[in-house]
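**Student:** Here you go, one structure.
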Amino acid sequence: MVGGAPVDSRNRASEARLDPMMATPALRRFSGLRLVRLAAGVLVVLSTMPTRAGGADAPAARSPAAVRSLQATTSTGRQGAYFVPASVGSEALPLLVFLHGSGGRGVNTLLRLRPLAERERFVVVAPDSVSVAGVWLVDSRSQGATEDHRHVMSCLREVLAQRDVRVDSRQVLVAGFSVGGAAAGIIASREEAFTAFAVLHGHVPTESLGTRRVRGWLSAGDRDRQRPPAVVQALAGELTSRLAFPEIETRVFAADHALGDEELSALAAWWLRRERR
C-alpha cells in the first residue's frame, strides 16, 4: 500500500513495460531490443517519404508583395521607392522603371501604379529626380551622363541585386510622364538594360538620343494643351522615318495633361503583349 491506496501486483508487469527504469534486467534487455527494432523501422519509413524541400509535390515558396524604399540617394537627399508583386519560387517578372512628372516623387507614382502592377504582375522602380522641383536633366550630349541619369541606373541596379527579385530581361520598360517622358526616351536610347520606352504626355528631344533603337510608345490626351495629339504624332513620324526606330505606337485618350487608368492599362497591354499572348 502506498499513501493508503492498495497496490495491485497484477499491474507491476504493465508498469514495467511502460517505464524501463522499473523493469528487471532481463525485461530491460527485451524491451530495449524491441525499441531498437521499432526505431529502425521508423527510420526506414521516414527515409522513403518525400520531403517538402525539393520534392516533386512540394508547393513553391511564395514571396509576399512589398513596397520598399530605395537606398540609392541623390546629392539633394532624394531617393525613390520600388514595388515587387507576390511571386512564386524563381518566377522571372517584367520590370518597369517609371519617371514622374514635374513636382512629383517616386513614392507617389508607385501608389498610382501598384494596383496595375499587382494585376499584371510586374516590378515597378520609381526613382526621385535630383531636383526638388521634380524635373529631370538627362541631356548628356557633351558632359557624359547627368546625375539624374546615373541615379536612375543606380536604382535599377539596386533592385536587380535583391535576392528575392528575378527579372525577365526581355521585358524591361522605362517610361515617364510629361518631363519624365523625355528622360525615359533618352535613357532607353543609351542603356542596354531597356527593351522598350514610353513617353506619356511628353516630348523627346531627338537631338539628344543615343544610338540604341528599341520599340516605343507615345500617348497624349485629346484635350492636352501642353502636348497636343498632333505634336505627338509628328514626333512618332520623325522617330520612325528619320531615326529608324523599329516600332512607335501612338495613342490618344480622352484626357487633358494627366494620366488615366485606361491609358496606363493600355500601356501595360502593349508592353507585355509579345510574351503574354
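**Student:** If I filter the stretch 177-198 for residues that are within 21 Å of residue 115 (Cβ to Cβ) and not in a helix (DSSP H, G or I), do I get at least one hit?
**Tutor:** Going residue by residue through the stretch 177-198, those that are within 21 Å of residue 115 (Cβ to Cβ) are 177, 180, 198.
Narrowing further to those that are not in a helix (DSSP H, G or I): 177, 198.
Yes, the stretch 177-198 contains at least one residue that is within 21 Å of residue 115 (Cβ to Cβ) and not in a helix (DSSP H, G or I).
**Student:** Name every residue in the stretch 199-236 that is among the aliphatic types (A, V, I, L, M) and in a helix (DSSP H, G or I), in order of residue number. Explain how you work it out, then say what you get.
**Tutor:** Within the stretch 199-236, the first condition is being among the aliphatic types (A, V, I, L, M), and the residues that meet it are 199-200, 204, 209, 214, 218, 220, 230-232, 234-236.
Within the stretch 199-236, 230, 231, 232, 234, 235, 236 meet the criteria.
**Student:** If you don't mind, there's one more thing I want to ask. Do you know which residues across the stretch 220-277 are basic (Lys, Arg) and either touching a Phe, Trp or Tyr at 6+ places or on another chain (Cβ under 8 Å) or under 16 Å from residue 206 (Cβ atoms) (or both)?
**Tutor:** Start the filter on the stretch 220-277 by keeping residues that are basic (Lys, Arg), which leaves 223, 225, 227, 242, 251, 273-274, 276-277.
Selection gives 227, 242, 251.
**Student:** Here is a further query. Test residue 168 against the stated conditions and say whether it is within 12 Å of the chain's Cα centre (by Cα) and in a strand (DSSP E or B). Step through it out loud before you land on a result.
**Tutor:** Values: within 12 Å of the chain's Cα centre (by Cα): yes; in a strand (DSSP E or B): yes.
In short, yes.
**Student:** Of all residues being of a type in the set (Asp, Glu) and assigned to a loop (DSSP other than H, G, I, E, B) in the stretch 139-165, which is modelled with the lowest pLDDT? Just the residue, please. Can you show your working first?
**Tutor:** Kept after step one, since they are of a type in the set (Asp, Glu), are these residues of the stretch 139-165: 139, 147-148, 158, 164.
Going one step further and asking which of them are assigned to a loop (DSSP other than H, G, I, E, B), we end up with 139, 164.
Working: 139: 75, 164: 86.
In this case the residue turns out to be 139.
**Student:** On the given criteria, is residue 187 surrounded by 16 or more Cβ atoms within 10 Å (Cβ to Cβ) and out of contact with any His (no Cβ under 8 Å at 6 or more places or on another chain)? Spell out how you get there, then give the answer.
**Tutor:** Details: surrounded by 16 or more Cβ atoms within 10 Å (Cβ to Cβ): yes; out of contact with any His (no Cβ under 8 Å at 6 or more places or on another chain): no.
No.
The values are calculated or read from the model by the stated rules, or taken from the named source; none is laboratory data. Everything quoted here is computed from the prediction, not taken from an experiment. Cβ atoms come from the backbone with ideal geometry, glycine included; neighbour counts cover every protein chain shown.
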